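The values are calculated or read from the model by the stated rules, or taken from the named source; none is laboratory data. Since we're looking at a predicted model, the values are computed, not measured. When we count neighbours, we look across all protein chains shown, and the Cβ atoms used for this are built from the backbone with ideal geometry, even at glycine.
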Amino acid sequence: MGANSSDRAVLSDTIDPMHRDDEDPSVEIVAREDFSDLTFLLEFRHPMMAKAAKPGQFVIVIPLEHGERIPLTIADFDRDKGTITLVVQAVGKTTKEMQQTCRTGTTLFSVVGPMGEPSHIGDAGKVICVGGGLGAAPVFPQARAFKENGAYVIGVIGFRNKDLVFWEDKFRKYCDEFIICSDDGSVGIKGLVTDGIKAAMEKHDDIDEVIAIGPPIMMKACAETTRPNAIKTTVSLNPIMVDGTGMCGGCRVKVGERMQFACVDGPDFDGHQVDFDDLMSRLKRFSEEEKLATERWSEACRAGKVS
Ligand SMILES: Cc1cc2nc3c(=O)[nH]c(=O)nc-3n(C[C@H](O)[C@H](O)[C@H](O)COP(=O)(O)OP(=O)(O)OC[C@H]3O[C@@H](n4cnc5c(N)ncnc54)[C@H](O)[C@@H]3O)c2cc1C
Ligand code: FES
């Protein structure tokens, strides 16, 4: 565990020690797909990173020179093609800038990774993989890994409405059962992912593990749904990260009696032990600054100072 784990491959296109002068240091975006007004997929080429990536890990991206570093989960990797896939939601300055500038054929200034501890894909016989909204993307590689490990996989994916659904085909390929939930009932069952979990738990009394990824409030609700049955529940935490190497302390989270750094000890943790209220309050620490940054950027866009 920790930043010095010898088995963790941390590769960077800016500081990659294996980088050769004759190589182009930029990371080329080879595909982009827009899932909605807010959510888009980027696939970039990085054969070494694709070779090293494991489910549950993330990368730190600096999209443009002089830009901010932001953590994004590896939503998919293709070792044959040598590519990594990210799914991004445009929520603030940097992700909106990415939505505007990242196109097929353009480059990302810097990508570091894979980072974080890989998810533990144990020998569970039956698992529920839960993704809420954008969380569907990061839970996908785990669902696939469990299936490839021989588990019976139940996918539970929730969206606000049917227009926001993505990767249904990918999930169906690896899930023995697949439940879609929507807030408005426009697709699948009308309800939250916790309703999907309850439906799966009623049908199966032998669930070994639940993996839930999505907004903190959703992961908290999933953990409360499984707590009475004491079903192991793993969540992937998304605190504010700066360096991503365990040095700055920005990403500390309370898990049981222990203070953990999500970037090096996680991001996966025992959902029954996580202090979600502390996580949610820490996520709001910079909301004023974030609002200002987005406003300034939008203003610059309107004034034509940003292309
Ligand atoms: C391990 C991890 C994996 C993530 N994976 C994804 C992903 O696959 N797709 C995706 O769209 N988003 C992901 N996020 C969240 C993403 O990093 C933030 O949405 C992004 O940093 C927002 O930056 P912004 O400038 O666009 O928005 P801002 O306006 O700066 O922030 C919007 C909100 O994003 C969060 N945030 C801001 N800065 C950071 C930061 N440096 N680190 C973490 N959260 C931050 C805060 O909650 C903030 O309120 C992940 C976060 C973590 C920690
Ligand atoms: S981002 Fe985890 S310690 Fe700095």
>> Under 9 Å between Cβ atoms, which residue pairs at least 6 apart in sequence (or on different chains) link something in region 203-215 that is without any contact (Cβ under 8 Å) to a residue 40 or more places away in the chain with a partner that is in a strand (DSSP E or B) and among the acidic types (Asp, Glu)?
In response: Lys203/Glu177
> Under 7 Å by Cβ, and 6 or more places apart or on different chains, what pairs join a residue from region 265-282 that is in contact (Cβ under 8 Å) with a residue 12 or more places away in the chain and in a loop (DSSP other than H, G, I, E, B) with one that is basic (Lys, Arg) and more than 10 Å from ligand 1 (Cβ to nearest atom)?
Replying inline: His272/Arg227; Asp275/Lys254
>> I'd like to know if region 70-90 contains one or more residues that are over 10 Å from the mean Cα position of the chain (by Cα) and within 16 Å of ligand 2 (Cβ to nearest atom).
In response: yes
> When Thr294 is evaluated against the numbered criteria (1) crowded, with 17+ Cβ neighbours inside 10 Å; (2) assigned by TED's automatic domain parsing to the domain that holds Gly155; (3) in contact with a helix residue (DSSP H, G or I) (Cβ under 9 Å, 6 or more places away or on another chain); (4) part of a helix (DSSP H, G or I), which criterion, by number, is the only one it fails?
Replying inline: (2)
> Right, Val264: surrounded by 14 or more Cβ atoms within 10 Å (Cβ to Cβ), within 8 Å of ligand 2 (Cβ to nearest atom) and modelled with pLDDT of 90 or more or not?
Replying inline: yes
> Mind checking whether some residue in region 226-235 is aliphatic (A, V, I, L, M), in a strand (DSSP E or B) and within 15 Å of ligand 2 (Cβ to nearest atom)?
Replying inline: no
> Given Arg252, Arg227, which one is under 18 Å from Ile60 (Cβ atoms) and away from ligand 1 (no atom under 11 Å from the Cβ)?
Replying inline: Arg252
> Is it the case that Gly214 is closer than 24 Å to Gly92 by Cβ and within 16 Å of ligand 2 (Cβ to nearest atom)?
Replying inline: no
> Within region 177-190, is even one residue surrounded by fewer than 21 Cβ atoms within 10 Å (Cβ to Cβ) and either at positive phi or within 16 Å of ligand 1 (Cβ to nearest atom) (or both)?
Replying inline: yes
> Residues in region 207-228 that are over 21 Å from the mean Cα position of the chain (by Cα) and either modelled with pLDDT under 95 or among the hydrophobic types (A, V, I, L, M, F, W, C) (or both): how many?
Replying inline: 1
> Restricted to region 88-105, and to residues that are closer than 20 Å to Gly214 by Cβ and polar (S, T, N, Q), which residue is surrounded by the most Cβ atoms within 10 Å (Cβ to Cβ)?
Replying inline: Thr95
